[in-house]
Amino acid sequence: MFAAVECDDVCMTAGGRPILRGVTFRVEKGEMVGVLGPNGAGKTTLFRAIAGIGLPDRGRIRVFGESPSWRTLVHTALMPERGHLPKWLTAADWLTHARRLYPDWDERAEKRLADEFEIRLDGWISKLSRGEAVRLALVTCLARRAPLVLLDEPFTGIDLVSREAIASAIVRECSGAGRTVLVATHDVREFESLFDRVLFIGQGRLVADESADSIRARGQSVAARYREVFAK
Amino acid sequence: MTLDPPWQPPPWELDPSQPLYAQIAHRIRVEIAALRLGRGTRLPSVRDLAARLRVTPNTVMRAYAELEQDGLLETFRGQGTFVARDERLAHRARKRIATQALEHVRRVAADLGMELEELLRLGADSEGGAEEDVCGGGM
């Protein structure tokens, strides 16, 4: 059986600067994993590499046993931290476009999510607030049936009530089909219960890889463990 | 046969510094032991309960599995998870929870060097306004 994601000694540089320094981990199918670390830790670079957008300088990545490339894009739904939704379209135009763009698009999921996230369909994308833009990007990501979902900082700039609605939607849309979910965030508040396992990434290195319940079995919350790992 | 809509738990606040599956299993066990969740009641699907509590599906599966192991829940393929039809199991759980609570109180009494009766009397006497007495009058 292939793991959903396998990284083996992954090293990446950008402009001569090391971003990832020998990252090794494995995520099983159906797991929900938090990739936690401060800004600039290398989380976005890692997600791009898993999605097949960036190529490691050294080491090996496998997504369901395959090397990430345009071929594995059908398995992977990436919500980038700074979405680049076309500003000259309305939300409705964009969703119509996405429906044609992605062969694995689930129109019922799209309707359900657009409704739940209160997407203003006739609103121009250029006029959306940060929270609205994130919610539209999430609809785009979760309405696909891709078995691997990568969400890069989905909670930034979102108020508490929307954060809770987003958390519920992620669980609901990803659980039935046994999807594998990786969420990168530097802000674990309210979301620590969403993870089966957490990978702590700091300065391009995997600092710790622990099951969330093994942390809790020591009487510690994931948020407290985060502070402990990155306190310095 | 038509199925009743499944039971919906109240929005439990879970403690993030304790294993979540154990807390969920415990809450459901108490509901069954209190006979508020009657035999044969259908529980929410893993997906629905996970979304409602904002935990992972694996967490709910593990809680359900633990209660199945205890015999308190039964899962039927394609139908869902139900409270066991044999009510003796609920009564057994009720008894076990009571026993554990009593053991705990006995331990506290022993720690304080009291008989159980003395501890209960002291606790009942000082209900409301206990703080001032214990703190020796305070301000």
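Looking only at region A:124-149, count how many residues are open to solvent by less than 10 Å² (accessible area, probe 1.4 Å), under 20 Å from A:H84 (Cβ atoms) and outside any helix (DSSP H, G or I).
3
Check A:V63, A:V33 and return the single one that is within 14 Å of another protein chain (Cβ to nearest Cβ), in contact with a strand residue (DSSP E or B) (Cβ under 7 Å, 6 or more places away or on another chain), surrounded by 19 or more Cβ atoms within 10 Å (Cβ to Cβ) and in contact (Cβ under 8 Å) with a residue 24 or more places away in the chain.
Just a single option satisfies the conditions, and that option is A:V33.
B:R96 is checked against (1) outside any loop (DSSP other than H, G, I, E, B); (2) more than 12 Å from chain A (Cβ to nearest Cβ); (3) under 26 Å from A:G219 (Cβ atoms); (4) open to solvent by less than 40 Å² (accessible area, probe 1.4 Å) and fails just one. What number does that condition carry?
That leaves (4) as the condition not met.
Got at least one residue in region A:156-172 being open to solvent by 10 Å² or more (accessible area, probe 1.4 Å) and closer than 15 Å to A:E31 by Cβ?
So far as region A:156-172 goes, no, none of its residues is open to solvent by 10 Å² or more (accessible area, probe 1.4 Å) and closer than 15 Å to A:E31 by Cβ.
Return the total of residues in region A:205-223 being within 14 Å of another protein chain (Cβ to nearest Cβ) and not in a loop (DSSP other than H, G, I, E, B).
Count: 9.
Test B:L14 against the criterion of being within 14 Å of chain A (Cβ to nearest Cβ), part of a helix (DSSP H, G or I) and closer than 20 Å to A:F191 by Cβ, and give yes or no.
The answer is no for B:L14.
What number of residues within region A:84-105 satisfy the criterion of being open to solvent by 40 Å² or more (accessible area, probe 1.4 Å), outside any helix (DSSP H, G or I) and either within 22 Å of A:P147 (Cβ to Cβ) or touching a residue at least 24 places away in the same chain (Cβ under 8 Å) (or both)?
Final tally of qualifying residues: 4.
Name the residues in region B:70-86 that are assigned to a loop (DSSP other than H, G, I, E, B), aliphatic (A, V, I, L, M) and closer than 17 Å to B:I24 by Cβ, would you?
B:L72
Tell me which residues, restricted to region A:150-175, are in a helix (DSSP H, G or I) and either within 15 Å of A:F47 (Cβ to Cβ) or not hydrophobic (A, V, I, L, M, F, W, C) (or both).
Residues satisfying the conditions are A:S162, A:R163, A:E164, A:S168, A:R172, A:E173, A:S175.
Please go through region B:27-74 and give me each residue that is away from chain A (no Cβ under 11 Å) and at positive phi, ordered by number.
B:L35, B:G40, B:G71
If I go through region A:179-198 residue by residue, how many of them are more than 15 Å from B:D15 (Cα to Cα), part of a loop (DSSP other than H, G, I, E, B) and open to solvent by 20 Å² or more (accessible area, probe 1.4 Å)?
Counting residues in region A:179-198 that are more than 15 Å from B:D15 (Cα to Cα), part of a loop (DSSP other than H, G, I, E, B) and open to solvent by 20 Å² or more (accessible area, probe 1.4 Å) gives 3.
Please pick out the residue among B:L37, B:L49 that is assigned to a loop (DSSP other than H, G, I, E, B) and either of a type in the set (K, R) or surrounded by 18 or more Cβ atoms within 10 Å (Cβ to Cβ) (or both).
Sole residue among the options that is assigned to a loop (DSSP other than H, G, I, E, B) and either of a type in the set (K, R) or surrounded by 18 or more Cβ atoms within 10 Å (Cβ to Cβ) (or both): B:L37.
Residue by residue through region A:161-204, note down the ones that are away from every other protein chain (no Cβ under 12 Å) and over 17 Å from A:L78 (Cα atoms).
Within region A:161-204, A:V161, A:S162, A:H186, A:D187, A:L199, A:F200, A:I201, A:G202, A:Q203, A:G204 qualify.
The values are calculated or read from the model by the stated rules, or taken from the named source; none is laboratory data. Remember, it's a predicted structure, so these values are computed and weren't measured experimentally. Backbone-built Cβ (ideal geometry, glycine too); neighbour counts: all protein chains shown. Only protein heavy atoms, including side chains, enter the accessible area calculation; ligands, DNA and RNA are left aside. Shrake-Rupley method; radii C 1.70, N 1.55, O 1.52, S 1.80 Å.
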